[in-house]
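See below for the structure under consideration.
Read-outs throughout are calculated quantities, based only on the coordinates presented, and are distinct from any laboratory measurement. This structure is a prediction, so every number in the text was calculated from the model and none was measured. Positions of Cβ are backbone-derived with ideal geometry, glycine not excepted, and every protein chain shown enters the neighbour counts.
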Amino acid sequence: MKNIVRLLVLSLLFALPAAAQSWDWSMPGSAGIIDPAAITVWDLTATTFRIRTNSVGSVTARYPVTNTYGSSFDISPAWGTLEATISDSSATAASVTATLYQVDKCSDQETALCTITSNDGDGTPTCQTCTFSGGLDFANNAYYVLVTATKTDVPPVAELHSLAIY
């Protein structure tokens, strides 16, 4: 009986770290680093980054991607999908784009891995995705998501609610 209990405890000790390493990265829209030059255009409401209802213009926000997957021994998650929850209510007067960038730590060379461009809809939040290959290599690169929200007329909606990478 003691051996069974010991075996059970050991298996739990190894299983929990393995399960913890499968977590994905996510970020609410309101947590980005927003371009301060566009202060009169953007607004944060709860978890949402958006162009104000009565404003027109374009604003960018950056979302640093951190490794939630592993440890110092496991720094290359096999993630391959960027997901954005976006509201866009106009085919011509509103849009939101989200691009995942890889930045080489030594050369500072940036590479776009994938881009989401909002689908024109009725203004309700929708999840949209793009895929990239090769996973992420945190040993040699840094990563961020650049989001640009644009409105050329009022009252269309251009909002980012959340981002995720899995």
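What is the local net charge at residue 103, summed over the other residues whose Cβ is closer than 14 Å to its Cβ (Lys, Arg +1; Asp, Glu -1)?
Working: positive: 62, 105; negative: 104, 108, 110, 137.
Spelling it out: positives minus negatives among the neighbours equals -2.
Counting Lys +1, Arg +1, Asp -1, Glu -1, what net charge surrounds residue 127 among other residues with beta carbon under 14 Å of its beta carbon? Present the calculation step by step, with values, prior to reporting the outcome.
Numbers: positive: none; negative: 24, 83, 88, 159.
That works out to -4.
Taking R0 as 22 Å, what FRET efficiency do you get between residue 76 and residue 110 from their Cβ-Cβ distance, rounded to the nearest 0.05? Write out the running numbers ahead of the final one.
Working: r = 19 Å, r/R0 = 0.87.
So the FRET efficiency works out to roughly 0.70.
Taking just the alpha-carbon atoms of the stretch 55-123, what radius of gyration and Dmax come out, in angstrom?
When restricted to Cα atoms, the stretch 55-123 yields Rg and Dmax of 15.7, 47 Å.
Would you mind ranking 166, 69 by Cβ crowding within 10 Å, fewest neighbours first? Before the final figure, lay out the partial values.
Numbers: 166 15, 69 21.
Arranged by neighbour count, lowest to highest, 166, 69 become 166, 69.
Net charge near residue 57: determine it from the other residues with C-beta under 13 Å of the C-beta of residue 57, scoring Lys and Arg +1 and Asp and Glu -1.
In short, 0.
With the Cα gyration tensor of the stretch 22-165 in hand, give its eigenvalues times 5 under a square root as the equivalent ellipsoid semi-axes, listed largest first in whole angstrom.
Result for the stretch 22-165: semi-axes of 28, 15, 13 Å.
Work out how much length residue 131 to residue 35 would gain on full extension: take 0.36 nm times their residue separation and subtract the Cα-Cα distance, in nm to one decimal. If you can, show how the numbers build up before the last one.
Numbers: separation 96, 0.36 × 96 = 34.56 nm, distance 2.63 nm.
Extending this stretch completely gives an extra 31.9 nm.
How far apart, in nm, are the 7 Å Cα→Cβ label points at residue 124 and residue 45?
Here the modelled spin labels are 1.7 nm apart.
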